[in-house]
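The structure under discussion is supplied below as structure tokens; questions concerning it will follow.
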Amino acid sequence: MDWVNIAFWVFAIAATVSAGAVISVRNPVHAVLCLVLTFFSIACVWLLVGAEFLGVALVLVYVGAVMVLFLFVVMMLDIDPTKMREGWVRYLPVGLIVAVAMLVQMLILIGVKGRAVTPFPADNAAALAADSSNVTWLARTLFTEYLLPFEFAAVILTVAVVAAVMLTLRRRTGVKSQNPGEQTMVKAGQRLRMVKMGAEAPVVHSNSKPAAGEETQP
């Protein structure tokens, strides 16, 4: 068994164990950290077989953006106030384990790539024929042969974002909405208004008994 197969089994076992921990641990923060390790292990497998773009995209999009967003949302949820507000120190051991596992996987991947003299059999044939990496070949193909579909996809996504914002900010009857422009133009004197109200005498009911030392009036 060569180093490539050994590294593949290490990454696969790490991804399987961390994926099982996502659905088995009770703490939601620990589950998110295990999910980060799962995605990172799968990205190492993609990098190992020569699909550099898929591995880098998985790390940047999911591990670097989506999972971090999930982690912040989970930390802000009021699931268990007594335990979730004890501080970040209680999550430090699991975070260190995940960080050490990711560091070990990176070192293994660098070592295996450095020992490889010939390209892996799973590498892209087009990329090997062009004598370039997977990312370079994909970028050249995307921005030369498929430039028009790429631009169409960018326009569609931009229109979708604008439409979502317009649907969110539309004025509806019976719904209170905020005006950020008016809120920022408010001065300090307009934030508090003093209202002077006249004092009223308390109403005394006829069936109420007078207190001790209090005289009744005819």
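The values are calculated or read from the model by the stated rules, or taken from the named source; none is laboratory data. Because the structure is a prediction, the values reported are computed rather than measured. Ideal geometry is used to build each Cβ from the backbone, glycine not excepted, and the neighbour counts take in all protein chains shown.
Yes or no, residue by residue, for (1) over 27 Å from the mean Cα position of the chain (by Cα); (2) surrounded by 10 or more Cβ atoms within 10 Å (Cβ to Cβ):
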position	(1), (2)
F143	yes, yes
A154	no, yes
T168	no, no
R172	yes, no
K187	yes, no
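Report the residue count in segment 28-45 for those that are within 19 Å of the chain's Cα centre (by Cα) and touching a residue at least 60 places away in the same chain (Cβ under 8 Å). Can you show your working first?
Start the filter on segment 28-45 by keeping residues that are within 19 Å of the chain's Cα centre (by Cα), which leaves 28-43.
Right, trim to touching a residue at least 60 places away in the same chain (Cβ under 8 Å) and you get 29-30, 33-34, 36-37, 40-41.
The qualifying residues number 8.
If you go through segment 13-47, how many residues are closer than 14 Å to Q105 by Cβ, of a type in the set (A, V, I, L, M) and either surrounded by 20 or more Cβ atoms within 10 Å (Cβ to Cβ) or modelled with pLDDT under 90 (or both)?
8
Have a look at D123, D131 and point out the one that is charged (D, E, K, R), surrounded by 10 or more Cβ atoms within 10 Å (Cβ to Cβ) and modelled with pLDDT under 85.
Values: D131 fails: surrounded by 10 or more Cβ atoms within 10 Å (Cβ to Cβ).
So the residue among D123, D131 that is charged (D, E, K, R), surrounded by 10 or more Cβ atoms within 10 Å (Cβ to Cβ) and modelled with pLDDT under 85 is D123.
Follow-up. Does G50 fit the bill of being in contact with an Asp or Glu (Cβ under 8 Å, 6 or more places away or on another chain) and modelled with pLDDT under 90?
On the way: in contact with an Asp or Glu (Cβ under 8 Å, 6 or more places away or on another chain): yes; modelled with pLDDT under 90: yes.
Yes; evaluated as a whole, the condition is true for this residue.
Going by what's in this entry, would T136 be described as within 28 Å of D2 (Cβ to Cβ) and modelled with pLDDT of 70 or more? Working first, answer last.
On the way: within 28 Å of D2 (Cβ to Cβ): yes; modelled with pLDDT of 70 or more: yes.
So T136 passes the test.
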